[in-house]
Amino acid sequence: MNNSRLRKMLCGVGVAALLVSSGNVFAQDDPSDPSLDDLKARVLKSAEEFAQIGQGSPLKTMEAILSRNGYDFNTAHSIAVKKEYTGKKGRTFAEFEQYINGLRVYGAYSKLVLDQNDRPIHVVERFAEIRSSVRPAAVTEEQALQAALDRNFAGAPIPPRTSVEENRVMFDAGTFFFTEPIVEKVVIQRGKGERRRLIEGFLVQTWGNDDNQLYMTLVNGKGRVLRSKSRTTSFDSYRVYTNSPTTTPQRIIQGPGSGNGQSPSGWLSGTQGTTRIQGNNVQAYLDRDGNNRPDASGAPVNDGNFTATSDLSQDPGAGENRAVAVQNLFYLNNIVHDRLYRHGFVEGVGNFQENNFGRGGRGSDSVNAEAQDGAGLDNANFATPPDGSNPRMQMFLWNGSPLRDGSLDSDIVYHEYGHGLTFRMIGDMGGDSVASAVGEGMADVVAFLINGDDAIAEYSNGNTRGIRSARYGVNTRRLSDFQSGERRQHGNGEIYASTIWSLRTAYLSNGLTNDELFDDLVSAMNFTPSRPDFFDMRDGILAAVSGARTCMVWRAFAERGMGEGGSMTVTGFFRNTVSVTESTRIPASCEGGNAGVSNVELANAVPRSNLQANNRSRWRARVRVTTSGSERAGATVAGTWSTGASGSCVTRNNGRCSINLSGFSVANVASVSFTIESINGDTNAPGVPQTVVVNRP
């Protein structure tokens, strides 16, 4: 009998029928009580313990052994075969799980060994004794997932459900998770002796994409985390500024250890030192004398932990600041490598790796990243040879007061890496003032899509505007502002980057995500000719998208003068004279709003709030949305919180879904609001926009 069939039997008759609660008064769940998996398993291996157990299937044999060794009928017959195989010497090895009310019992298992004659010779077992009803859970799978995320991935959003299989609910992996989070409803035995009791709870599996951290988190029926176990080994760690010293503290971040989906062998390989760190994606080192070769490697690092602490009151070359620059530069290069990989910059299109793991492209081209390069000031650069040759990133100091280190500014690192992206995926990005402007603009796009911030290099430049003429959220540059001359490339690049920032705003306001835009932009490079102008980039994006996104692209470009009928013409011996023709026209199919959207409308939105399960000083805001109409199931409802964060959810068959935001201080935040701005991308849907105020509990 297969496991699925046995589970259905257990769920429908026999044991399950005896265990359904009918208003019982249950004991309180004492957090200090042990769970079943805290208890030691029993080992049976003497002949007396198997006396009078005849031959039979592994399942029947295990049931008989349990019955003869102290378990009642219900417990002995609540097991199911997990796996079974026969070894080389004819011995049979079987493992079992326990099910109550059709739910797997967390921590319950047994192992059985049968000899060549199918007689038992060894048993390891630990099962929950069925002495009482099972207390039902009072929280949902979403709430259990929230509790697990609060414990292990603070600030991570709850993704929508994707599927349900028996007692397991799967949630969308998106780009944050390596695989889809799984929440399995289970039975948990708490306490021991006469205090033993059975409760429903949840086993939550979450596997982070960037850090390769795999957690199995046990949550009780009230939403309290009972335990959380990491199943990732071989950690590496880096004390870094994840954004910049003015926006994030220097803190220790775990690397992917033995590997993740984007870096299968992890980040580290070879011999490491405090000022020279190398791996499959990047080699970061000091080049203070500017000779384009690594300086001395510093002290050896044998444990994979790069934890030098910065002192920003000192010169970047003083104390541990040199090591800080290298470990920060190594970390940021790996982050942008892994992030772009998820969006399509992979081996086959020419990304930067020593070993390509048989996935296409040419290897031997990891990035050589030079920290505190002595060849310049107040800048950075990235040289990109063809696939199979190592590119070089030069990071300079910035001549402020005090000196600032560009290797600590993620905007600059991501911008420079963005040049490598466009050269490898599009082709020639130089040779004229237009293509070079596109390259500068797209490099800024890489930085702001990763950091979600509309200013570039505020830290290095020492002001909140950054190094551009204005923050992209208020930058008004358009095609008519283009100025001929390659030295104008950064200012001209602002035109393209501002357009993409506007496109990002459109995506977010229509229920799409920053990552979906990133996917589309990287994919578009496969459709874009070498040495592109702004219109080539527009057309590449249009070729990569479909549906409502097509009109979003047209509007974003048309608003900046790059609509239908517009053009750029490059002339002159050095291809530096550019004439432009503006157009704000969009295709007729995009006129009049979003035509052909789903027949769905907003019925109501109800505010909710509660204290976070594992932190009573913080509270969580929730807006429960109900839609109606012929296509209310699967509708994407999107909007913006008063904090500036975006939020969305996908309705279930009943037309309901919830949008959550966590982490508000009980002491400082009395209320927040959420404005529902679109349904399925339709900003004119009935009932939209609507603002809901959520008050502190």
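The values are calculated or read from the model by the stated rules, or taken from the named source; none is laboratory data. Bear in mind the structure is a predicted one, so any value in this text is a computation, not a measurement. Neighbour counts are summed over all protein chains in view; Cβ atoms, including those assigned to glycine, are modelled from backbone coordinates with ideal geometry. Protein only, heavy atoms only, side chains kept; ligands, DNA and RNA dropped before computing areas. Shrake-Rupley method; radii C 1.70, N 1.55, O 1.52, S 1.80 Å.
On the accessible surface of the chain, probed at 1.4 Å, how many percent belong to carbon and sulfur atoms?
Details: 13530 of 29170 Å².
That fraction is 46 percent.
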Q. Which value in nm describes the separation of the simple spin-label points at Ala645 and Ser609, placed 7 Å from the Cα toward the beta carbon?
A. 1.4 nm
Q. Using θ = phi - 60° and the Karplus curve 6.51 cos²θ - 1.76 cosθ + 1.60, what whole-Hz ³J(HN,Hα) does each residue of the range 417-425 get, with Gly and Pro shown as x?
A. 5, x, 5, x, 4, 6, 4, 6, 8
Q) Around Gly102, which amide H atoms from residues at least 5 apart in sequence, or from another chain, sit under 5 Å from its own amide H, with H modelled in the peptide plane? A) Cys11
(Q) For a protection proxy built on the mean count of beta-carbon atoms within 10 angstrom, sort 645-651, 114-120 highest first, please. (A) 645-651, 114-120
Q) Under the classification rounded if a/c is under 1.5, otherwise prolate if a/b is larger than b/c and oblate if not, where does the range 242-317 fall, given a ≥ b ≥ c as square roots of the Cα gyration tensor eigenvalues? A) oblate
Q: Read phi for every residue in the range 359-369 and hand back ³J(HN,Hα) as whole Hz from Karplus 6.51 cos²θ - 1.76 cosθ + 1.60, θ = phi - 60°, with x for Gly and Pro.
A: 9, x, x, 10, x, 6, 9, 5, 7, 8, 10
**Q.** Amide H contacts under 5 Å for Gly255, placed H, 5+ residues apart
**A.** Asp236, Ser237, Tyr238
Q. R0 = 51 Å: FRET efficiency of Asn292 with Arg585, Cβ-based, nearest 0.05?
A. 0.55
Q) Can you tell me the accessible area per residue over the chain, all protein chains present, probe 1.4 angstrom, in square angstrom? A) 42 Å²
Q. Across the chain, where is the longest run that never hits trypsin sites (Lys or Arg not before Pro) in a DSSP loop with at most 10 other C-beta atoms within 10 Å?
A. 232-697
(Q) Just to confirm the number: angle between the C-alpha axis of helix 433-451 and the first principal axis of the chain, 0 to 90 degrees, nearest 10? (A) 30 degrees
Q | For the chain, the longest site-free run once chymotrypsin sites (Phe, Trp or Tyr not before Pro) in DSSP loop states with at most 16 other Cβ atoms within 10 Å are removed | A | 27-356
Q. Restricting attention to the range 124-175, which GluC sites (Glu not before Pro) occupy a DSSP loop and are surrounded by at most 16 other Cβ atoms within 10 Å?
A. Glu129, Glu166
Q. Dipole size in debye (nearest 20) for the range 174-280 around its Cα centre, Lys and Arg Cβ +1, Asp and Glu Cβ -1?
A. 720 debye
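Roughly what % antiparallel, to the nearest 5, for the DSSP beta bridges in the chain?
If we restrict to bridges inside the chain, about 85 percent are antiparallel.
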Q. Which whole-Hz couplings ³J(HN,Hα) result when phi for each residue of the range 100-111 is put into the Karplus expression 6.51 cos²θ - 1.76 cosθ + 1.60, θ = phi - 60°, listed in order with x for Gly and Pro?
A. 10, 6, x, 9, 5, 8, 5, x, 8, 6, 8, 10
(Q) At a threshold of 8 angstrom on Cα-Cα distance, excluding pairs fewer than six apart, so keeping six or more, what relative contact order does the range 126-240 reach in percent? (A) 24 percent
Q: Would you give the gap between the C-alpha center of the range 127-201 and the C-alpha center of the range 517-554, rounded to a whole Å?
A: 41 Å
(Q) I'd like to know which of Asn514, Gly208, Leu226 lies farthest towards the positive end of the charge dipole of the chain, counting +1 on Cβ of Lys and Arg and -1 on Cβ of Asp and Glu. (A) Leu226
Q: List, largest first, the extents of the alpha carbons of the range 422-571 along their principal axes, each in whole Å.
A: 42, 38, 29
Q) If amide H atoms are built 1.01 Å from N in the plane of the peptide, which residues on other chains or at least 5 residues away come under 5 Å of the amide H of Val134? A) Ser21
Q. Cα axis of helix 548-559 to longest principal axis of the chain: angle in degrees, 0 to 90, nearest 10?
A. 30 degrees
